[in-house]
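J.: Mind looking over this structure? Questions follow.
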Amino acid sequence: MRIPFNVPYYTGKELNYMKEALETRKISGDGTFTRRINEYIEENFGTKKALFVTSGSSALDMAALLIDIKPGDEVIMPSYTFVSTANSVVLRGAKVVFADIDSNTMNINPEDIERKVTKKTKAIFPVHYGGVSCDMDRIMKIGQKYGLRVVEDAAQGVNAKYNGKYLGTIGDIGCYSFHETKNYVCGEGGAILVNKDDSLIERAEIIREKGTNRRKFLLGQIDKYSWVDIGSSYLGSDMLAAFLSAQFESMDEINRMRKNIYEFYYKNLEGLKEMGRIKLPFIPDGCDINYHMFYIVLKSEGERNYLMNRLKENEINAVFHYVPLHLSSMGEGMGYKKGDLPITEEYAGRLLRLPLYANLKEEEQAYIIEKIYDILN
Ligand SMILES: *Cc1c(COP(=O)(O)O)cnc(C)c1O
């Protein structure tokens, strides 16, 4: 048995919708399917404005542009995240300030955020790791207290909730990813959600259209469009929105399939947890998760690497991420060093992600679990 780490799930309707999009002869951005995606997010998740874009990374880059991150500003975020969270800020010439995480959830620790606020702090970028919400009540309070914008990196959090609210709809701005490794996919894609500030909505549409007011022109509100702001080409193709429409229609079904897999792991690995051999994911009160990820935490980095390598020998592709950004060569170039974020450093070394995708079969999962018990005993 050979088990990859991820296999994108297809509902079977993707090609039909892409064919429909082809036949409209409007395959660039903002066609019928793009509108469908935007409206789905606005109506079902509850945000003022959602815009389908080329990737989660683009959504983050747009967010940094929208809230005017500039040289001299500081943005607080976890070091335990994907590079795009940090790149969005670095691309604006601003300073990334890394905060430590809570070892129960791997999410940014609000106390460390508050310790790191300075006069230069402009925003907080919390990342909802594995679709488990950060402590958004406390983060929003810190944001209000110091007058900071909050941009949620909800790339992994699509369709997950915090106290009844969808992730990505709580901060000033939310960013989603539809990359093939996420829950609902179209190859490469993303969305930006503008949740509060009406003045950001029009600007988001301009930035997404290469800094032009083309959107107003298309709506017939002006008779010529021109260059009015900075921006880039962030519109996703309607072909990919068509692909994603199929996935959105099956959102509940995909979520159910992932839930079964998550719960099967949890139930069958509890024995090892009770023996004190591993830690399992912790879901705080008020969090409805989207079963994006299943990970275990071993007792040491050595044990994690041993288990990962032995699983690989058995053709089970379990992986870890991230190399904490503050210890990457970019992070070191910013002056960070080992010892700056102790919890991040320790837990990044001990965490192992297990294969989780909608089509993972129960016998494959049983095989993975059996091997984990064999190797650890
Ligand atoms: C996947 C991911 C991104 C980037 O999304 P893309 O669509 O691949 O650009 C950003 N942040 C986090 C936390 C992610 O997991």
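The values are calculated or read from the model by the stated rules, or taken from the named source; none is laboratory data. If you're wondering where the values come from, they're calculated on a predicted model, not measured in any experiment. Because the Cβ atoms are built from the backbone with ideal geometry, glycine has one as well, and the counts that use them run over all protein chains shown.
J.: Cβ contacts < 6 Å: first residue basic (Lys, Arg), restricted to region 71-98; second residue part of a helix (DSSP H, G or I) and within 14 Å of the ligand (Cβ to nearest atom), any location; separation 6+ or different chain. Result?
T.: From residues that are basic (Lys, Arg), the pairs are Arg92/Ala64.
J.: Of all residues in region 78-93, which are among the small types (Gly, Ala, Ser) and crowded, with 24+ Cβ neighbours inside 10 Å?
T.: Within region 78-93, the subset among the small types (Gly, Ala, Ser) is 79, 84, 86, 88, 93.
The answer is Ser79, Ala86, Ser88.
J.: Okay, moving on. Quick one: in region 124-158, which of the residues that are within 11 Å of the ligand (Cβ to nearest atom) and in a helix (DSSP H, G or I) is nearest to Pro78 (Cα to Cα)?
T.: Across region 124-158, the extreme among qualifying residues is Tyr129.
J.: If I filter region 24-35 down to residues being under 18 Å from Ala204 (Cα atoms) and not in a loop (DSSP other than H, G, I, E, B), which single residue comes out as nearest to the ligand (Cβ to nearest atom)?
T.: That would be Thr34.
J.: Regarding Ser233, is this residue surrounded by fewer than 17 Cβ atoms within 10 Å (Cβ to Cβ), at pLDDT 95 or above, in contact with a Ser or Thr (Cβ under 8 Å, 6 or more places away or on another chain) and closer than 25 Å to Thr54 by Cα? Working first, answer last.
T.: On the way: surrounded by fewer than 17 Cβ atoms within 10 Å (Cβ to Cβ): yes; at pLDDT 95 or above: yes; in contact with a Ser or Thr (Cβ under 8 Å, 6 or more places away or on another chain): yes; closer than 25 Å to Thr54 by Cα: yes.
Here the answer is yes, as Ser233 does meet what is asked.
J.: Considering only helices (runs of 4 or more DSSP H) fully contained in region 315-377, which possess at least 3 residues that are among the aliphatic types (A, V, I, L, M)?
T.: Values: elements: 329-333, 342-350, 362-376.
By residue number, 362-376.
J.: Does Asn38 count as over 22 Å from the mean Cα position of the chain (by Cα) and part of a helix (DSSP H, G or I)? Step through it out loud before you land on a result.
T.: Details: over 22 Å from the mean Cα position of the chain (by Cα): no; part of a helix (DSSP H, G or I): yes.
Considered against the rule, which asks whether it is over 22 Å from the mean Cα position of the chain (by Cα) and part of a helix (DSSP H, G or I), Asn38 comes out as no.
J.: Only one residue in Leu60, Leu65 is within 10 Å of the ligand (Cβ to nearest atom) and crowded, with 19+ Cβ neighbours inside 10 Å. Which one?
T.: Working: Leu65 fails: within 10 Å of the ligand (Cβ to nearest atom).
Answer to the selection: Leu60.
J.: Also, I was wondering about something else. Could you list, in sequence order, all residues of region 159-180 that are among the hydroxyl-bearing types (Ser, Thr, Tyr) and either within 12 Å of the ligand (Cβ to nearest atom) or in contact with a His (Cβ under 7 Å, 6 or more places away or on another chain) (or both)? First the steps, then the outcome.
T.: At the first step, the residues of region 159-180 found to be among the hydroxyl-bearing types (Ser, Thr, Tyr) are 162, 166, 169, 176-177.
Tyr176, Ser177 - these are the residues of region 159-180 that are among the hydroxyl-bearing types (Ser, Thr, Tyr) and either within 12 Å of the ligand (Cβ to nearest atom) or in contact with a His (Cβ under 7 Å, 6 or more places away or on another chain) (or both).
J.: Another question about this same structure. Here are some conditions: (1) within 14 Å of the ligand (Cβ to nearest atom); (2) touching a strand residue (DSSP E or B) at 6+ places or on another chain (Cβ under 9 Å); (3) outside any strand (DSSP E or B). Ala191 meets all but one. Which one does it not meet?
T.: (3)
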